[in-house]
Amino acid sequence: MFVFKVLLALFWNLLIFGGLLFIPAGTLFWWRAWIFLGVVSVSVIAVMITVFRENEELWNERLKPFIQEGQPIADKIIISLFVIAFFCLIAIIPLDLFQFHLLSKPGTLISSLGLLLFIVGWWIISLSFKENTFAAPVVKHQTDRQQIVIDTGVYSLVRHPMYAGAILLMIGMPLWLESYTAVLYSILPILLLIVRVQFEEKFLRQELKGYDVYTEKVRYKLLPKIW
């Protein structure tokens, strides 16, 4: 059963990233993209082993769609726009590299830093999953699972570590794949995440007992000592 979960996770990640990179590129001869997919594959396997192997509830929660019954309409709009913007971010990279050539490419050092940012971002997201079994893909109060405030691990540093990791991931990916154009475009999905943080904060203050106390204990939303 666990092997099936790993294969399923690999399939969806490689389908999304691989399809949105190689189809617009119109070629399979793109060594940076192949290294990127290798990193994605290793990262998926690592998070499956360290997080989802022993957390069936979180796995089932993450399999649910981004649009759910009882989900606030505002979150339905925000998450839909974010998913579209994120998919476009991936596709813009090959379109820029192989079609439009809008900006010059980053140098080797900067692009290598991008791959490091991607790995660190994925690692932070994985730590968020490991710490927070209530990390649902939608904003909701999980009364059926007796949701509580999580204030340990990465959640003791910032209130939304998963989003912080996602931001690093979205900047690092286009840097490694050599598209400054896509790096600039990443501002759009990042802004959507920031809007979601604001909405989620308001929702949790109203719905989740103890969240107000948590915000006093952990003062930063995304970046320690900054915001």
Scan of segment 94-111 for residues that are of a type in the set (Ser, Thr, Tyr) and in a helix (DSSP H, G or I), ordered by number: 108, 111
query: Here are some residues: 226, 124, 148, 119. Which one is hydrophobic (A, V, I, L, M, F, W, C), free of Cβ contacts under 8 Å to residues at least 60 places away in the same chain and surrounded by fewer than 20 Cβ atoms within 10 Å (Cβ to Cβ)?
result: 226
query: Looking at segment 135-149, which of the residues that are among the β-branched types (Val, Ile, Thr) and under 13 Å from residue 65 (Cα atoms) is modelled with the highest pLDDT?
result: 138
- request: Evaluate segment 54-74: report whether one residue or more is out of contact with any strand residue (DSSP E or B) (no Cβ under 9 Å at 6 or more places or on another chain), among the charged types (D, E, K, R), at negative phi and at pLDDT 95 or above.
  value: no
statement: Residue pairs qualifying under the 6 Å Cβ cut-off, at least six apart or on distinct chains, with the first in segment 3-19 being closer than 15 Å to residue 59 by Cβ and of a type in the set (S, T, N, Q) and the second being assigned to a helix (DSSP H, G or I) and open to solvent by less than 90 Å² (accessible area, probe 1.4 Å), are 13/40; 13/44
- line: residue 182 fails exactly one of (1) aliphatic (A, V, I, L, M); (2) in contact with an Asp or Glu (Cβ under 9 Å, 6 or more places away or on another chain); (3) farther than 28 Å from residue 110 by Cβ, namely (3)
query: Among the residues of segment 164-182, is there at least one that is in contact with a Lys or Arg (Cβ under 8 Å, 6 or more places away or on another chain) and surrounded by fewer than 18 Cβ atoms within 10 Å (Cβ to Cβ)?
result: yes
field: Yes/no for residue 131 being of a type outside the set (A, V, I, L, M, F, W, C), open to solvent by 50 Å² or more (accessible area, probe 1.4 Å) and touching a helix residue (DSSP H, G or I) at 6+ places or on another chain (Cβ under 6 Å)
entry: yes
message: Here's a check for you: in segment 185-217, which residue that is in contact (Cβ under 8 Å) with a residue 40 or more places away in the chain and closer than 30 Å to residue 107 by Cβ is surrounded by the fewest Cβ atoms within 10 Å (Cβ to Cβ)?
response: 188
task: For residue 110, indicate whether it is hydrophobic (A, V, I, L, M, F, W, C), farther than 21 Å from residue 47 by Cβ and open to solvent by 50 Å² or more (accessible area, probe 1.4 Å).
output: yes
query: If you take the residues in segment 24-34 that are among the aliphatic types (A, V, I, L, M) and in contact (Cβ under 8 Å) with a residue 40 or more places away in the chain, which one is farthest from residue 165 (Cα to Cα)?
result: 25
- prompt: Which residue pairs have Cβ atoms closer than 8 Å, lie 6 or more positions apart in sequence or on different chains, and pair a first residue in segment 73-91 that is touching a residue at least 40 places away in the same chain (Cβ under 8 Å) with a second residue that is of a type in the set (Lys, Arg) and open to solvent by less than 30 Å² (accessible area, probe 1.4 Å)?
  reply: 75/196; 78/196; 79/196; 82/196
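The values are calculated or read from the model by the stated rules, or taken from the named source; none is laboratory data. Not measured: the values here are computed from a predicted model. Using ideal geometry, Cβ is built from the backbone for each residue, glycine included, and neighbour counts are taken over all protein chains shown. What goes into the accessible areas is simple: the full protein's heavy atoms, side chains included, and nothing from ligands, DNA or RNA. Shrake-Rupley method; radii C 1.70, N 1.55, O 1.52, S 1.80 Å.
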